[in-house]
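The values are calculated or read from the model by the stated rules, or taken from the named source; none is laboratory data. Here the structure is a predicted model, which means the values were calculated and not measured. We place every Cβ from the backbone using ideal geometry, glycine too, and count neighbours over all the protein chains shown. The area values use the complete protein model at the heavy-atom level, side chains included, leaving out ligands, DNA and RNA. Shrake-Rupley method; radii C 1.70, N 1.55, O 1.52, S 1.80 Å.
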Amino acid sequence: MKKHHGRALALRAAVVACTTAVAAAGCSQPQSSTADAGVTVAETTAPTTLDPQGSAYFADRFAWQLAYECLLSTTADGKVEPALASGYERSADGLTYTFNLKPNVKFHNGEALTADDVVYTFTRLKDSPDGIDEAMFPTLVETTAKGPSVVEFQLKSPDAGFINNMANPLVWGCAVMNKKAATSSNPAIAMVGTGPWKQDSYRANSELKLARNGDYWGTKTKSERLNILYVPNISTQVSNLQAEKVDLIFPDVAGSKALSGSDKVTVDKAATDSTIFMQINNLQKPFDNQKVRQALALAIDRDSLAQQAYSGAARASVYIPPGTAWAPAPADLPNSTQDIAKAKQLLSEAGYPDGFSTSLMYLSGYDGGTNDLVAAIQDQLAKVGIKVELEPLEVGAWGEKLTTAKYALSWNAQSYYSNPFQYVQPAEGRQGPVPGSLQKLLDASLKAESQEAYQQALIAIEKEEAELVYPTITLLATDMFVAYEKGLSGVKVPPSQSRTFLSQVGHG
């Protein structure tokens, strides 16, 4: 489950064709039969809403990022770059950020992008039903237009990660909306953004059709059309790809194996920055003892876990995932490489020469990889004398125990964060108070005056957390698969899993 994301919104839009209201909001007329058939993609999970401020569900963002954009964006290797803004300035005290908008940017309804749209966007965000504003911009006080193309953001305290969240490639929390469209039509069913794709039609839980945005300010899409089909069953997706009914899918491990021998399909493995970690409750004995936590960490062999639980479809990871070019590897951090002898020694020094018994809770039926993972962790910890009872729980019981710190050890997972601070930030209520040495580093990082200084501050935090083995032990970064017909080009999934790469996918 994803941490720091608040409650989930269960909004199901009605089935919608190209009604007059939707057409006014940017829904174009269907293309003729002679038009480019485009690229057809199957997704497993349909969006609960097309409103980019309406949900905390990770899968919903895959639809939003096709049509919406942010002021900045983040490259696959973690570099922040301009998008709708040509650049920004930071005040000396770190409390004011001033953005200059690019000229000649238009929304899908023909409206020009202005500072008023940006102000409207971030004012509206404060009413997000899932608390997206608090999750992404906790220090943001006010957004003000300082001219037709100049926007000022005022913070209550320095936040070096503000820029990273403004550059979320998944457009979560930073998608710029058109004020006229958002107030005259329903954003839950009609996307009106500035992106390379323009919504054509939408049938909830079934199909989203998009067309090339001819007025796009950046590189135009390679294909004229993009069709997204929502197919919950992976086996059906595999069959449809083999039958050439779809061009591209994102299969699981089993689906990728089923397609691996095909002479018509290419199957690629893509590294992601989504991570799996073990939560430790240091309010409970014996995990209040740092030596016990260190022994726990030293008992873990991450590479073996990846092979046993995910058949190699995962990589060893520490707090900040390996896709981030500047982040340390496990070998560079204390207590992050398996050492059975040292683990046993630390347990003996802590007063547990014969080990101890504990429990590890996890979500029952989450996926096969999770079941294999917790079993593998159980085996590894047993080698140093830590006897683990596995405790499968339903989501409600698991969540209640986690958020109220009524557990010993817990499996957990999180999706990509554009702001790497969120990978190292302790989650309030899930474990004991933040140690003073760590809190000083956390506070100092927010005052960093540049991206380079921010990265170095986060590395210092990561080293301290690895030494303390607090608040978690990050284990793995997961991989994903993409399968597509051999005639397709431009398929390159970034670590964020953003679907924006689809703009450069085409036949031939």
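Calculated mean residue ellipticity, 222 nm, the chain: -7500 deg cm²/dmol, from DSSP H runs (n ≥ 4) at -39500 (n - 2.57) each, averaged per residue and rounded to 500. In terms of Cα atoms, the Rg and Dmax of region 59-143 work out to 14.0, 39 Å.
A full extension of the chain between Ser359 and Ser184 corresponds to an added length of 57.7 nm, given 0.36 nm per residue minus the alpha carbon distance. Look at the alpha carbon pairs under 8 Å that are at least 6 residues apart: their mean separation over the length of the chain gives a relative contact order of 20 percent. A Cβ-based charge dipole, computed about the Cα centre of region 171-264 with Lys and Arg at +1 and Asp and Glu at -1, lands at about 300 debye. Overall shape: oblate for region 386-508, with the ratio a/c of the largest to smallest alpha carbon gyration tensor axis at 1.5 or above and b/c at least equal to a/b.
Other residues whose C-beta falls under 11 angstrom from the C-beta of Thr324 contribute a net charge of -2, scoring Lys and Arg +1 and Asp and Glu -1. A Förster radius of 60 Å combined with the Cβ-Cβ distance from His507 to Arg90 puts the calculated FRET efficiency at roughly 0.85.
On full extension, the segment bounded by Glu81 and Ala329 gains 86.8 nm, given 0.36 nm per residue less the C-alpha separation. Cβ-Cβ distance of Gln307 and Ala405, R₀ of 25 Å, FRET efficiency by 1/(1 + (r/R0)^6): the value works out to about 0.20. What residues qualify as long-range amide H neighbours of Gln338, i.e. H under 5 Å apart, gap of 5 or more or another chain, H built at 1.01 Å from N? Here the answer is Arg302, since their amide H atoms fall under 5 Å of that of Gln338.
Phi-derived couplings, Karplus 6.51 cos²θ - 1.76 cosθ + 1.60 at θ = phi - 60°, listed residue by residue for region 374-388: 5, 5, 5, 4, 4, 5, 5, 5, 4, 5, 10, x, 8, 8, 10 Hz, with x used for Gly and Pro. Shape class for region 96-152, computed from the alpha carbon gyration tensor (a ≥ b ≥ c): oblate, with a/c not under 1.5 and a/b at or below b/c.
Taking amide H atoms as placed 1.01 Å from N in the peptide plane, the amide H of Val39 lies under 5 Å from those of Arg225, Leu226, Asn227, each 5 or more residues away in sequence or on another chain.
Of all lysines in the structure, the ones whose alpha carbon falls short of 21 Å from that of Lys179, not counting any fewer than 8 places away in one chain, are Lys102, Lys106, Lys126, Lys146, Lys198. Amide hydrogen proximity for Ala270: with H placed 1.01 Å from N in the peptide plane, the residues at 5 or more positions away or on another chain lying under 5 Å are Met480, Phe481, Val482. Each residue of region 271-278 was assigned a 3J(HN,Hα) from its phi angle through the Karplus curve 6.51 cos²θ - 1.76 cosθ + 1.60 (θ = phi - 60°); the sequence is 6, 10, 9, 7, 10, 10, 9, 10 Hz, with glycine and proline shown as x. Residue-wise HN-Hα couplings along region 103-111, as the Karplus relation 6.51 cos²θ - 1.76 cosθ + 1.60 with θ = phi - 60° gives them from phi, are x, 6, 9, 10, 7, 5, 8, x, 5 Hz; Gly and Pro carry x. When only Cα pairs below 8 angstrom with a gap of at least 6 residues are kept, region 372-445 shows a relative contact order of 22 percent. How many angstrom lie between the Cα centre of region 267-305 and the Cα centre of region 434-508? Result: 17 Å between the Cα centres. Stretching Lys285 away from Ile340 to a fully extended chain increases their span by 17.7 nm, per 0.36 nm per residue minus the current alpha-carbon distance. Just to verify a number: FRET efficiency for Leu390 and Glu449, C-beta to C-beta distance, R0 = 51 Å, to 0.05? After rounding to 0.05, the efficiency reads 0.65. Of the accessible area of the chain, computed with a 1.4 Å probe over protein heavy atoms only, carbon and sulfur atoms account for 50 percent.
Cα centroids of region 348-416 and region 192-242: how far apart, whole angstrom? That distance is 40 Å.
Place a +1 charge on the Cβ of each Lys and Arg in region 382-424 and a -1 charge on the Cβ of each Asp and Glu, then give the dipole magnitude about the Cα centre in debye, rounded to the nearest 20. The dipole magnitude comes to about 200 debye.
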